[in-house]
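Chemist: There's a structure below that I have some questions on.
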Protein chains: 2
Amino acid sequence: MAPAVAHSQAESLLAFRLLLVGGMFSASTPPPGPLEKVFQYIDLHQDEFVQTLKEWVAVESDSVQPVPRLRRELLRMAGLAADRLRGLGARVASVDAGFQQRHLCFSENSSPACKGKLYGRGTTDNKGPVLAWINAVSAFKALDEDLPVNIKFLIEGMEESGSLALEELVRKEKSGFFSSVDCIVISDNLWISRRKPALIYGTRGNSYFTVEVKCRDQDFHSGTFGGILNEPMADLVALLGSLVDASGRILVPGIYGHVAPVTEEEKRVYEAIDLDVEEYRNSSQVKKFLFDTKEELLMHLWRYPSLSIHGIEGAFHEPGAKTVIPGRVIGKFSIRLVPHMDMSVVETQVKQHLEYIFSKRNSSNQMTVSMALGLHPWIANISDHQYLAAKRAIKTVFGTEPDMIRDGSTIPIAKILQDTTQKSVIMLPLGAVDDGEHSQNEKINRWNYIEGSKLFAAFFLEMAKLHSS
Amino acid sequence: MAPAVAHSQAESLLAFRLLLVGGMFSASTPPPGPLEKVFQYIDLHQDEFVQTLKEWVAVESDSVQPVPRLRRELLRMAGLAADRLRGLGARVASVDAGFQQRHLCFSENSSPACKGKLYGRGTTDNKGPVLAWINAVSAFKALDEDLPVNIKFLIEGMEESGSLALEELVRKEKSGFFSSVDCIVISDNLWISRRKPALIYGTRGNSYFTVEVKCRDQDFHSGTFGGILNEPMADLVALLGSLVDASGRILVPGIYGHVAPVTEEEKRVYEAIDLDVEEYRNSSQVKKFLFDTKEELLMHLWRYPSLSIHGIEGAFHEPGAKTVIPGRVIGKFSIRLVPHMDMSVVETQVKQHLEYIFSKRNSSNQMTVSMALGLHPWIANISDHQYLAAKRAIKTVFGTEPDMIRDGSTIPIAKILQDTTQKSVIMLPLGAVDDGEHSQNEKINRWNYIEGSKLFAAFFLEMAKLHSS
């Protein structure tokens, strides 16, 4: 029997997640479960499932703003989730890990163009996917069928504000909640297509740097000091300009030294992915990307590092014309890390490079480089059982092979779960590429939500088959 | 007979200036005025003069904020100035040119360290100097002595918000108010020393540029787009980094082509200036300047162009770590112009240079360069009569030759007055280098205020002598 932990986590800013709720369902008999009956049940009860999603999305469980009213909503959301799990027979433990949350109103749009789209903040990120797992369990329960595997839920509500307490909890529960867990499933992220499902096997890490150049704390006036100073902005612009060239290549010496080489097998994975480059470019409102082919684009988003300059603190940033010479400025940039880059090596390389560039300027200013944030990349072994099970379940429900994709963003919990529990992690998304997470028009397609519930049910059975074989 | 127009104008942000007040005093007999009697009168009545300054500074005539209450204060200040001029027998015309103003409370500090310092916003910039001119006139009037020259005052209150209406007024009054004027005196700025008076014969101009780089209006997330974009910040940083080198030299081709060469005579003027480089560096809180000698420092502040990068609009500028790829960013920089640089030539040079740098990057982004603001440099002929008269007056009152200095900042009205009226302009300051214009502790020394009043009286007489000789 294979226990699965369904958990959700993502890096972005405004998503929805519940207060931490642990719930466990025990599988009492092995498969084969009557999958057709389960699918039929899900189809027949889809309006109920949509109704529950509507009720959940109506809770303004916003974790971004630390407002008392929203914190109460977050608690209420945790309560609803716990009740739902208990109602299905789970043992539930709630852990308060500090919180807030976010929401927009839910609406099922019935205009022809929007038919079958369920709108509302949290529909796809992340109440829909959480409920789809619960729907899958509930179908077995309602049909009085035994669950094919043991299932544990870990539902957490603070992702949009960093899930600061989660890492510690995972460590603490390594020999508790996680002791009997064989593999971990995260349902966050989206497919890369509107109709074709995907499995995610990697995310990039991130090393966020600040580089401060200081002459003095106060600013200067360019009339009274312009011409006789090593101006901090000139130093900083030179430093930032030394980081990446016009083709996007990072200029820090040695930075590509540990990047995993592309294998032939990997190339084939990229070739098989369903992406219309032209449509992608248009929907991104970008005139031209740095690369023209699907493979190059995706590799540079997922499996090569990238460096972005985010901005400058301390300089003039408002509209209009101000003749200030900023006295102290802080440049911000970050490098998305990929396997097998080592964060502390990257830190040393960046610092040494900037120190070299700065020393060449012979400036009288002070420079300080810091790595403000370091998040490891994550990569899974796509030969692991749960990837095989997920592929089979997708084939059963959607009649297709999934896109095997990565996420260029950073989802630190994947790496934390993998490293701490030493269990295999898979990301099994169910939202479509155009769901618009965090946007004013966030939605989930009814089709994705309902077929996704079936997918998860099928996944239980495939996992059980693989472990009994 | 030599009429003089005393007027004040400066570039900076928070100074004090009155609403526009025109006042004229007629000289009915030629000199020689009994200068000793005038000096004695000023010494005897210095407490009254300080009292008047106190009353003026107490008026919160702040032109920066367009608040109704402050606008009323500005009007009240204009009324006080007009009354004072009328009380001395002037014909006064007020012109409403829109307004605001600023003030801090006035205090005469009698602690030993601060003895003789009159504190308050506006004391040195610029109510003190305006009153010193009025004090000089009042001494002649009180002694029933005829004024040695005709005098016109142009007092204006909107300098700290750009004096937008002043240029038009000067043009309009070219054949009116200015028709009988022979030379124009501006008493703004400060000496370059604490004790040694100065005459100012030039100010730098300013060409303010914005360079926008745009991929799209919305920002991107560095996780989902990092690696495949020509990022606008990378382009902008490269553009800004191409403008000036670590030694402060501007890298725009041809930019030094029209800069006036240094003459031997000019070198001697710089050598004679009283400046303790070490004290200047310490008081500036700067570890090291780009140049070590007094002459190099002053020339790079006054007679060579300089380029300062002020900041970037549209990028991440707050504290903390945000992984944004800004979609559209605007760099701001400006070049302080010196004789005989031509603003439209500079504009072309900068645009061509940035277009060349940008084209080399082969970026798919859009770049737009604009000259947001253009202000000409100003330089006077230091052999003109009023420079001679001012030197003699300084010798009489202070027993020394003045420092012949320039101002690295831009005071557009000097050039406007010179060009429009075709009259010679002189800047005759009376504040000390440590007066702290605009600061919380702005002050004027009682000594500077009182001796400055004498200086202006002596200047009237010297002007009259030169014109009758």
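Any read-out appearing in this document is the output of simple, stated calculations on the displayed coordinates, not a laboratory observation. These numbers come from a predicted model, not from an experiment. Heads up, the Cβs are rebuilt from the backbone with ideal geometry, glycines too, and the neighbour counts pull from every protein chain shown.
Chemist: Rounded to two decimal places and with Rh computed the Kirkwood way over Cα pairs, what is Rg over Rh for the stretch B:361-422?
Modeler: Numbers: Rg = 20.2 Å, Rh = 15.5 Å.
Result: Rg/Rh = 1.30.
Chemist: Express the relative contact order of the stretch A:196-295 as a whole percentage, based on alpha carbon pairs under 8 Å and six or more residues apart in sequence.
Modeler: 19
Chemist: Classify the stretch B:221-298: rounded, prolate or oblate, from the alpha-carbon gyration tensor (a ≥ b ≥ c, eigenvalue square roots; a/c under 1.5 rounded; otherwise prolate if a/b is larger than b/c)? Show your work: numbers first, answer last.
Modeler: Values: a/c = 6.27, a/b = 2.04, b/c = 3.07.
In terms of gyration-tensor shape, oblate.
Chemist: Using only the alpha-carbon atoms, how far is helix B:385-398 inclined from the longest principal axis of chain B? Give it as 0 to 90 degrees, nearest 10.
Modeler: Computed tilt is about 70 degrees.
Chemist: What is the stretch A:276-345 by shape, rounded, prolate or oblate, if you read a ≥ b ≥ c off the alpha carbon gyration tensor as root eigenvalues and call it rounded for a/c under 1.5, prolate for a/b larger than b/c, and oblate otherwise? Provide the component values of the computation, followed by the final result.
Modeler: On the way: a/c = 4.93, a/b = 1.52, b/c = 3.26.
In terms of gyration-tensor shape, oblate.
Chemist: DSSP loop (so not H, G, I, E, B), at most 15 other Cβ within 10 Å: list which trypsin sites (Lys or Arg not before Pro) in the stretch A:378-462 pass both filters. Numbers along the way, then the final one.
Modeler: On the way: sites: A:391, A:392, A:395, A:406, A:415, A:423, A:443, A:446, A:454; in loops: A:423.
Nothing satisfies the criteria.
Chemist: Take the Cα coordinates of the stretch A:282-436, assign each an equal point scatterer, and use the Debye formula without solvent to give log10 I(q)/I(0) at q = 0.11, 0.15, 0.17 Å⁻¹.
Modeler: -0.69, -1.07, -1.22
Chemist: Here's something else I'd like to know. Please quote Rg/Rh for the stretch A:225-265 to two decimal places, taking the Kirkwood radius as Rh and restricting both calculations to Cα atoms.
Modeler: 1.29
Chemist: Can you list, bin by bin at 20 Å, the percent of alpha carbon pairs in chain B, starting at 0?
Modeler: Final binned percentages: 23, 51, 22, 4, 0.
Chemist: Given the alpha-carbon gyration tensor of the stretch B:378-469, what are the semi-axes of its equivalent ellipsoid in whole angstrom, ordered largest first, with each equal to the square root of 5 times an eigenvalue?
Modeler: Values: eigenvalues 106, 81, 23 Å².
They are 23, 20, 11 Å, listed largest first.
Chemist: Continuing with the same structure: When the Karplus curve 6.51 cos²θ - 1.76 cosθ + 1.60 is applied with θ = phi - 60°, which whole-Hz ³J(HN,Hα) does each residue of the stretch B:51-57 get, with x for Gly and Pro?
Modeler: 4, 5, 4, 4, 5, 5, 5
Chemist: In whole percent, what relative contact order does the stretch A:312-469 give with Cα contacts below 8 Å and a gap of six or more residues?
Modeler: On the way: 108 pairs, mean separation 32.2, N = 158.
20 percent.
Chemist: Could I ask something else about it? Could you give me the radius of gyration and the Dmax of the stretch B:153-277, taking only the C-alpha atoms into account and expressing both in angstrom?
Modeler: 23.6, 70
Chemist: By the gyration tensor of its Cα atoms, with a ≥ b ≥ c the square roots of the eigenvalues, what is the shape of the stretch B:155-214: rounded for a/c under 1.5, prolate for a/b over b/c, or oblate?
Modeler: Working: a/c = 2.33, a/b = 1.13, b/c = 2.05.
Here the stretch B:155-214 falls in the oblate category.
Chemist: What number, in percent, do you get for the relative contact order of chain B if the mean sequence gap of Cα pairs under 8 Å and at least 6 apart is divided by its residue count? Can you show the working numbers first?
Modeler: Details: 1019 pairs, mean separation 128.7, N = 469.
Averaging sequence separation for qualifying contacts and normalising by length gives 27 percent for chain B.
Chemist: Let me ask something else about it. When DSSP assigns beta bridges and you keep just the ones with both residues in the protein assembly as shown, what percent turn out antiparallel, to the nearest 5? Could you put the intermediate results ahead of the total?
Modeler: On the way: 97 of 133 bridges.
Here the antiparallel bridges make up roughly 75 percent for the protein assembly as shown.
Chemist: Another question, if that's okay. For the protein assembly as shown, state what percent of all Cα-Cα pairs lands in each successive 10 Å bin, counting from 0 Å until the bin that includes the largest distance.
Modeler: Bins of 10 Å from zero give 2, 11, 17, 17, 13, 11, 10, 9, 6, 3, 1, 0, 0 percent of pairs.
Chemist: Show the residues, 5+ positions off or on another chain, whose built amide H is closer than 5 Å to the amide H of residue B:373.
Modeler: Those qualifying (amide H under 5 Å, at least 5 residues apart or on another chain) are B:208.
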